[in-house]
Amino acid sequence: VPHNINIENGPYGKPFLRDAPNLYFNLSHSGSKALIIVSDSEVGIDIEYVDPYINYWEIADYCFSQEEFKLIENQQDRFQKCLKFFELWTQKEALLKGLGTGLIGDMKNTNPHHFNNFPPLNETQKQWHLRTFIESNNQYVFSVAYKSFIKKQFLYDVYSPPVTRRPLSCDQEEK
């Protein structure tokens, strides 16, 4: 066990362990919750408190594609639209964090919904997987972007309140 853990930052600020090239991690926090995820390949995570009073349209206008706008608009009521906004936001941020660019990346053209396509449209889609989880009381949403399979138990152990699993699609089987 090393006495010192050497954490450095990549070109866009993503932290990594200098002395452990095959160990990847990512952090996120919102409100009273914090998450950390560890993997043997690149990984990104984002958690958000679902604030039903947020003006999500202002943020979405800057960061979301027209396709994503439609996904939000197709929801039944204001709360469901707000929840869909946070689902999309956490997916997008987790993916950009996993890629190492964070919010510096191309927000509007990084569309997590495209990861539902089969067959994949490009090499990035072949490599990355997305999963979204919603706390049972709908107060928090978090998403994970990962390259290799992460055990369900790990996510459930990290996030102690009960969660409802809400995958992006059913086209990827759990292993």
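Points worth noting:
- Solvent-accessible surface ranking, highest first, for 25, 133 at 1.4 angstrom: 25, 133
- Here each label is just a point 7 Å from Cα along the line to Cβ, and for residue 5 and residue 18 those points are 1.6 nm apart.
- Figure note: 14, 92 ranked by solvent-accessible area, largest first, 1.4 Å probe, ligands and nucleic acids not counted: 14, 92.
- For segment 82-99 versus segment 23-71, the gap between their alpha-carbon centres in whole angstrom: 4
- In this structure, the pairs whose alpha-carbon distance is over 18 Å, taken from 70/92; 14/147; 81/147; 70/147, are 81/147; 70/147.
- Distance in nm between pseudo-label sites at residue 67 and residue 49 (7 Å out along the Cβ direction from Cα): 3.3
- Convex hull volume per residue for segment 1-44, taking Cα atoms only, in Å³: 99
- Summed residue charge, Cβ within 13 Å of residue 5's Cβ, Lys/Arg positive, Asp/Glu negative: -1
The values are calculated or read from the model by the stated rules, or taken from the named source; none is laboratory data. Remember, predicted model here, so these are calculated numbers, not experimental data. We place every Cβ from the backbone using ideal geometry, glycine too, and count neighbours over all the protein chains shown. Heads up: the accessible areas ignore ligands, DNA and RNA and are worked out on the full protein's heavy atoms, side chains in. Shrake-Rupley method; radii C 1.70, N 1.55, O 1.52, S 1.80 Å.
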